[in-house]
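> Below is a structure I'd like to ask you about.
Values quoted throughout were computed directly from the atomic coordinates according to the rules given, and no laboratory measurement underlies them. All figures in this text were calculated on a predicted structure; none of them were measured in a lab. Don't worry about glycine lacking a Cβ; one is built from the backbone with ideal geometry, like all the others, and counts go over all protein chains shown.
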């Protein structure tokens, strides 16, 4: 296990709005997180008030940065081709994947790296060089990722999802001849979801379905549609799973022309179709708020969220531009968006690339959808 201690370079980026603090009453309605480049929100949204993103450095190389709301961006990497950052709630643990050939580590291809309080550790030594797409638990105690390597000692040669425990033990979670990806874990890491083309018998069906492994249980397939269901997210307490699917899962399961957003409630085993948009929707995320659960997503370049218990959908107050992502994150009153709409400039104006903003829903009125 190779370990580096690295210094953190502080990068002062111009923030056009007041700093975004954790408390919703102190934060502005809209907080600018980035003001240049083209930045995406990581697949696994930040569970707390600290984020990790990949942005280009001055030479255009993709580097991992961390940000607390009352600080400038801190650069965590100095070299490599870095991607897919994920961060724990307290912000002291960050993971991502990077190309070893550009860093100097002896293993081939892409490997998973973990940053803990300034200590950088290479946590996979994958001989296939295919370890990518990590997901940390909110507490940072467990780390999920995917690889084609035989990292669990099962003889694996296909893409599977794995979990690394705090003591460094790596366990293969998915099985079968199909391809498995996009693992997401609740705050404990004992409830997890992923998508896989393996069927329960182990054969490759060729159609991705959503799988759920509950605390102390075995992976169980949740969907059986005739088109792909992908990119699941699980709420921190492990009770709601949101995902996108091109199958009519609440009907006969036939293939639809576009994807819609669905939510599955673990306790009641109830499946709900959240959207019915002619142009399709994607990018589901989910977070428990005080008395409800918020599912966020995008449809035709616009951001939305749905309250499960209230059974009410809302359109985010974003005028114009292309909203590529809208995620439930940052606590009860906040959402993060990646959009070309200039939210701090002229209404209807756009920016050159997608910028990240924190929307304080305590101070912004989202429009209910009839």
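> For a label point 7 Å from the Cα of residue 154 along Cα→C-beta, name the residues of region 168-186 whose backbone N is under 18 Å from it.
Under cut-off, by backbone N: 169-185.
> Another question, then. Taking the beta-carbon count within 10 Å as an exposure proxy, list 55, 192, 336 from fewest neighbours to most.
Taking fewest neighbouring Cβ atoms as first place, the list is 55, 336, 192.
> Let me ask something else. Output needed for region 84-233: three equivalent-ellipsoid semi-axes, defined as square roots of 5 times the C-alpha gyration tensor eigenvalues, in descending order, whole Å.
Those come to 25, 18, 12 Å.
> A further question follows. If I compute Kirkwood radius over Cα pairs in Å from the structure I just sent, which labelled value in [x] 21.7; [y] 20.8; [z] 23.4 lines up?
[y]
> Output the Kirkwood hydrodynamic radius of region 201-348, Cα pairs only, in Å rounded to one decimal.
One decimal place: 16.0 Å for the Kirkwood radius.
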